[in-house]
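Trainee: Dropping a structure here in structure tokens format, bear with me for questions.
The values are calculated or read from the model by the stated rules, or taken from the named source; none is laboratory data. Bear in mind that the values here come from a model prediction, so they are computed numbers and not experimental data. Cβ coordinates were reconstructed from backbone atoms using ideal geometry, including for glycine residues, and neighbour counts include every protein chain displayed.
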Amino acid sequence: MSCGCGSGSGSCAPRQYLTKEEKLGMLKEYKQELEQELQGIKEKMEELSK
């Protein structure tokens with residue numbers, strides 16, 4: 001059963017030690033989120049400039 005924090009492990013404490021692969025995967029996900037945010041900003045700026 002999950003505590004609702006989103007980890008799915010049932011524990012709220014994040015792991016302290018991640019592998020290089022896990023860190024790289026997290027950074028890639030974060031980069032994708034930032035790119036999507038940037039695209040949204042560009043679209044909003046285009047919309048507002050009309």
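Trainee: Between residues in region 23-43 that are part of a helix (DSSP H, G or I) and residues that are surrounded by 10 or more Cβ atoms within 10 Å (Cβ to Cβ), which pairs lie under 8 Å by C-beta distance while being six or more apart or on different chains?
Mentor: Listed by first residue and then by second, the contacts come to Met26/Leu18.
Trainee: Another one. Being of a type outside the set (Val, Ile, Thr), loosely packed, with under 10 Cβ neighbours inside 10 Å and at pLDDT 95 or above narrows it down to one of Glu21, Glu43, so name that one.
Mentor: Working: Glu43 fails: loosely packed, with under 10 Cβ neighbours inside 10 Å.
Only one candidate passes the filter, namely Glu21.
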